[in-house]
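Below you'll find the structure, written out as structure tokens, and then a few comments.
The values are calculated or read from the model by the stated rules, or taken from the named source; none is laboratory data. Note that this is a predicted model, so its numbers are computed, not measured. Here the Cβ positions follow ideal geometry from the backbone for every residue, glycine too, while neighbour counts run over all protein chains shown. SASA here: full protein model, heavy atoms, side chains in, ligands and nucleic acids out. Shrake-Rupley method; radii C 1.70, N 1.55, O 1.52, S 1.80 Å.
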Amino acid sequence: MHAVDLQPLYLSIKLAALTSMLLLVICIPLAWWLVQQKPTRQALINALCALPLVLPPTVIGFYLLLLMSPGGWLGQLNAALGLEPLSFSFRGLVLASMVYSLPFALQPLQSAFSQVNKAYLEAAACMGANAVQRFIYIVLPLARNGIYSALILSFAHTMGEFGVVLMIGGNIDSETRVLSIAIYDHVEALEYTQAALLSTLMLVFSLLILSLLYLSNGRKAHKMGSL
Amino acid sequence: MVFIRAHAISWLTGLARSVSTYVSSYISQRASTIVSLFVFSILSTTSLAKDNDQQNNTNNNGPLTNGSDFNIAVASNFKACYEKLAEAYSQQHNLAPQQIKASYASSGQLAAMISRGAPFAIFLSADQKRAQQLIQRDLADAQNGFIYAVGQLVLWAPKLEQKPGPAWLKEHGTHAIKRLSLANPKHAPYGLAAEQSLKQLGLYGELQDKLVFGQNVAQSLQFVASGAADMGFIAYAQWLELDSEQRGQYWLVPADLHSAIQQQAIEIKAWANNTSNDFFRFLKQKQAQQIVRNCGYLSDIY
């Protein structure tokens, strides 16, 4: 029996962490902007951002592969910027994971922001706070639960990502061979022991991370006096 | 009493609804490829049962012994050739096309499904290893199996001006190729053959960083077709399936550079019936082997 390679685990963790962080950076301003739009515009953009929820991951991966290849516009933009090719690279995976997990980061943020009481913002405006200050010191702390949910959900969702990575990864060791692909590889090669080992590892690790995140979320919420 | 029963029913419906929502969202977001394969095998099982009831099957020797329908598991690289064989057989024997139902997947997945009771009468594997595995589990007879096709490997370079033969690879390979795709050598026979060929030519070391692995030889083709990879190793049978504009330059890898890609066919004892026996025999005959050769494989028998 070949020894179990743990490199895919580290790669998965790296991908999930990077994706969820970048998604938070992009989705927090996006969600705040969306929540302030008129309902029709909000509905249209919501529908667009929720597409990765209903599309099969293999379809997302298929179109991303076409876009990232030298003929597609993502690939051409990349080449124009002088960067390494996107397909079959870790950067390409991060981009694809961000598209794939976008609704999981955006929707909790949107619901948290929409629950922020306008009265606090108006009071702060009366006291002289500008838009940025109101956002940082009032909106973000009040929406803390939503931010944690977005982080947890996008992290967990990216850890389990399979279809998209299968289509655009190229299964390159220590670059795009994430944990789900490695498990699938072991099953295909009839190495069921290694597959079971990696699966258990993934299960235990995911459970640990999620419990820690939910615990910290729960404690902070309790301090604020909510249920 | 009536109140308690109504309450219980509404609670049960609520529970069923929440469970089904959870299950459906879980399934749609995770491992859709694998689950869709299982759903396919379940659907083929139920449709097979329905057809069986419509036939006058009064035999008690087994589910399909005297039935004239059967399921066949075909390795995905053989799909096009199998369809030609099935057509020839159906015309000869006056069968309706829906009487033989084919499922296409990688040999590993098919072998795993068959070893767990999937109702396939015949298994056309892409290699010998998976078929041997099922023989070892006593699901098929060793003496019944035979090599129905020998695969040929091709290095396909649609955007290249010259033939990507060994001379070109040795001279220009390192700087001209950005990405070279092949099937995963760990579990795909064409990928293993590609890796062996590169090692035999002494090019594996310098090209190793440029290699991209598809899950199977079909994905290797897709990487090249989409332009993500500059060139890739595919099956000769697949290259013949391409349109003339898509074809471009290619190099047919000589068979002595890799171990033979022997694709073995076996009959699964539990699900075999008269028609499947007949089709199995048909695959060994000259006409079938001629079709196999025309599709781009070599014949082990003739």
Quiz item: From the backbone phi of region B:148-154, what are the Karplus-calculated ³J(HN,Hα) couplings (6.51 cos²θ - 1.76 cosθ + 1.60, θ = phi - 60°) in whole Hz, Gly and Pro given as x?
Solution: 8, 6, 10, x, 10, 9, 9
Practice problem: Keeping all protein chains in position, work out how much accessible area B:Ile72 exposes to a 1.4 Å probe, and write it in Å² to the nearest 10. | Solution: 0
Quiz item: What is the local net charge at B:Ser90, summed over the other residues whose Cβ is closer than 13 Å to its Cβ (Lys, Arg +1; Asp, Glu -1)?
Solution: -2
Quiz item: Leaving out ligands, DNA and RNA but keeping every protein chain, what accessible area does B:Trp271 have, in Å² rounded to the nearest 10, with a 1.4 Å probe?
Solution: 60
Practice problem: Report the accessible surface area buried between chains B and A, summing both sides, using a 1.4 Å probe on protein heavy atoms only, in Å² rounded to the nearest 100. | Solution: 2600
Quiz item: Which far-off residues, 5 or more places away or on another chain, put their amide H under 5 Å from the one on B:Val212, with H placed in the peptide plane?
Solution: B:Leu180, B:Ser181, B:Leu182
Self-check item: Global form of the protein assembly as shown, assessed from the alpha-carbon gyration tensor, a/c cut-off 1.5
Solution: oblate
Self-check item: Assigned charges on the beta-carbon of Lys, Arg, Asp, Glu; region A:73-227 dipole about Cα centre (debye)
Solution: 960
Quiz item: Ignoring ligands, DNA and RNA, how do B:Thr13, A:Thr158, A:Thr58 rank by accessible area with a 1.4 Å probe, largest first?
Solution: B:Thr13, A:Thr58, A:Thr158
Practice problem: Calculate how many DSSP beta bridges within the protein assembly as shown are antiparallel, expressed in % of all such bridges and rounded to the nearest 5. | Solution: 55
Quiz item: Got a sec? Charge dipole of chain A, +1 on Cβ for Lys and Arg, -1 for Asp and Glu; which of A:Phe162, A:Pro57, A:Asn130 is way out at the positive end?
Solution: A:Asn130
Exercise. Return one whole number: the accessible area per residue of the protein assembly as shown in Å², for a 1.4 Å probe.
Key: 49
Practice problem: Taking the Cα atoms of region B:210-302, report the difference between the largest and smallest coordinate on each principal axis, in whole Å and largest first. | Solution: 48, 28, 27
Quiz item: On the accessible surface of region B:59-168, probed at 1.4 Å, how many percent belong to carbon and sulfur atoms?
Solution: 46
Practice problem: If a cysteine in the protein assembly as shown has no other Cys Cβ under 4.7 Å from its own Cβ, put it on the list, ordered by number. | Solution: A:Cys27, A:Cys49, A:Cys126
Practice problem: Mind putting a number on the dipole of the protein assembly as shown about its Cα centre? Charges go on the C-beta only, +1 for Lys and Arg and -1 for Asp and Glu, and I need it in Debye to the nearest 20. | Solution: 1580
Exercise. Work out how much length B:Ala80 to B:Val23 would gain on full extension: take 0.36 nm times their residue separation and subtract the Cα-Cα distance, in nm to one decimal.
Key: 17.0 nm
Self-check item: Efficiency of FRET from Cβ geometry, A:Leu51 and A:Gln7, R₀ 45 Å, rounded to 0.05
Solution: 0.90
Quiz item: Can you give the mean number of other chain Cβ atoms that lie within 10 Å of the Cβ atoms in peptide A:69-75?
Solution: 3
Quiz prompt | Solvent-accessible surface ranking, highest first, for A:Val35, B:Val23 at 1.4 angstrom | solution = B:Val23, A:Val35
Quiz prompt | For region A:80-95, 3J(HN,Hα) per residue [Karplus equation, 6.51 cos²θ - 1.76 cosθ + 1.60, θ = phi - 60°, Hz, x = Gly/Pro] | solution = 5, 7, x, 8, 5, x, 7, 5, 6, 10, 5, 4, x, 5, 4, 4
Quiz item: Share of region A:1-100's accessible area from carbon and sulfur, percent, 1.4 Å?
Solution: 73
Quiz item: B:Tyr250's amide H: which non-local residues (gap 5+, or another chain) put their own amide H closer than 5 Å, with H modeled 1.01 Å from N in plane and none for Pro or chain starts?
Solution: B:Ala157
Quiz item: Taking the simple approach of a point 7 Å from Cα along Cα-to-Cβ for both A:Asn130 and A:Thr58, what is their distance in nm?
Solution: 5.2
Quiz item: Heavy-atom accessible area of B:Trp168 with all protein chains present, probe 1.4 Å, nearest 10 Å²?
Solution: 20
Quiz item: Based on the Cβ-Cβ distance of A:Trp73 and A:Asn117, what FRET efficiency does E = 1/(1 + (r/R0)^6) give at R0 = 51 Å, to the nearest 0.05?
Solution: 0.75
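Could you work out [θ]222 nm for the protein assembly as shown from helices alone, using -39500 (n - 2.57) per DSSP H run of at least four and dividing by all its residues? Round to the nearest 500 deg cm²/dmol.
Rounded to the nearest 500, the figure is -18500 deg cm²/dmol.
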Quiz item: Projected onto the charge dipole of the protein assembly as shown (+1 at Lys/Arg Cβ, -1 at Asp/Glu Cβ, origin at the Cα centre), which of B:Val253, A:Val139, A:Ala47 gives the Cα projection farthest towards the positive end?
Solution: A:Val139
Quiz prompt | Integer Hz, Karplus 6.51/-1.76/1.60 couplings in order for region A:27-33, x for Gly and Pro | solution = 7, 5, x, 4, 5, 5, 5
Quiz item: Nearest 0.05, what FRET efficiency do B:Gln200 and B:Arg247 give at R0 = 22 Å with Cβ-Cβ as r?
Solution: 0.30
Self-check item: Ranked packing of B:195-201, B:169-175, B:90-96, B:279-285, most packed first, by mean Cβ within 10 Å
Solution: B:195-201, B:279-285, B:169-175, B:90-96
